[in-house]
1. Please state the Cα pair-distance histogram of chain B with 10 angstrom bins from zero: what percent is in each bin?
2. Provide the net charge surrounding A:Q37, with neighbours chosen by a C-beta distance below 15 Å and charges set as Lys +1, Arg +1, Asp -1, Glu -1.
3. What aspartates and glutamates does A:K109 reach when the alpha-carbon gap must be under 14 Å and sequence neighbours fewer than 8 apart in one chain are set aside?
4. Tally Lys and Arg at +1 and Asp and Glu at -1 over the other residues with C-beta under 12 Å from the C-beta of A:L64: what net charge comes out?
5. Which net charge results when you count Lys and Arg as +1 and Asp and Glu as -1 among the other residues whose beta-carbon is under 14 Å from that of B:A2?
6. With the cut-off at 31 Å, tell me which of the pairs A:K36/A:K68; A:K68/B:K7; A:K68/A:K99; A:K70/B:K65; A:K56/A:K93 have Cα atoms farther apart than that.
7. Other chains near A:35-46: what is the mean number of their Cβ atoms within 10 Å of each residue's Cβ?
8. What are the ³J(HN,Hα) values, in whole Hz, obtained from phi via the Karplus relation 6.51 cos²θ - 1.76 cosθ + 1.60 with θ = phi - 60°, for each residue of region A:39-44 in sequence order, with x given for Gly and Pro?
Amino acid sequence: GEDVEQSLFLSVREGDSSVINCTYTDSSSTYLYWYKQEPGAGLQLLTYIFSNMDMKQDQRLTVLLNKKDKHLSLRIADTQTGDSAIYFCAESKPSGTYKYIFGTGTRLKVLA
Amino acid sequence: SAVISQKPSRDICQRGTSLTIQCQVDSQVTMMFWYRQQPGQSLTLIATANQGSEATYESGFVIDKFPISRPNLTFSTLTVSNMSPEDSSIYLCSVDDASGARFGPGTRLTVL
């Protein structure tokens, strides 16, 4: 199947770290992505990781990939109120199909 | 990365009418993609629009309901035809670049 699963909600206090988790089913996925969607806006690409990597860090964002368990996570350090949004993980198929499968989305709420 | 704009940003329409959504990209791209995001849901690919050929529709979407135009390499339109309240969604235009899928700001459609 082509399911990408995420927990629906996450609430953290400002300044804490947030960890958003994602599981996927297709081991042939080439890249995995994290997108942020703020209210009333489109999706913003935050970061991506190639499937042969296990970690990628970009400023406050750390992506961890466990390919054996098909588990992807996004850690946001020092979470701010501006990080409140819906976060989608997505996987892409091998080249030639340009097909992305998006997760169900995790709504992150940051409490001041 | 590509800059994508969409018009209109939102609309409220009566059932049985049609709405055409425009997508403009600031660079030439081979493929443009149209997604639907139903309320509280993830993204679902409607179709892929290639310049000079008919759009390729995903399972569950048909040309009569969602006709697409792609007159040149920077522009596409999606029409939502004979609308019903079930068509109330955000419609997103997307293109690929080297980092992944990039999205327009979306068109929020409400059908009464």
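1. In whole percents, the pair-distance histogram is 15, 51, 30, 4.
2. Numbers: positive: A:K36, A:R107, A:K109, B:R36, B:R102, B:R108; negative: A:E38, A:D83.
In short, +4.
3. Once the sequence-local aspartates and glutamates are set aside, what remains near A:K109 is A:E14, A:D16, A:E38, A:D78, A:D83.
4. Numbers: positive: A:K56, A:K67, A:R75; negative: A:D54, A:D69.
After counting each charged neighbour, the total is +1.
5. Details: positive: B:R102; negative: B:D26, B:D96, B:D97.
Taking every other residue near B:A2 into account, the sum is -2.
6. Values: A:K36/A:K68 26 Å; A:K68/B:K7 43 Å; A:K68/A:K99 22 Å; A:K70/B:K65 36 Å; A:K56/A:K93 20 Å.
Listed pairs above 31 Å: A:K68/B:K7; A:K70/B:K65.
7. On the way: counts 4, 0, 6, 0, 0, 6, 4, 14, 12, 2, 7, 1.
Average neighbour count from other chains, rounded to a whole number: 5.
8. x, x, 10, x, 8, 10
All of the numbers you see were taken from the coordinates with simple rules; none came from a lab. Since we're looking at a predicted model, the values are computed, not measured. For neighbour counting, all protein chains shown are included, and Cβ atoms are generated from backbone atoms with ideal geometry for every residue, glycine included.
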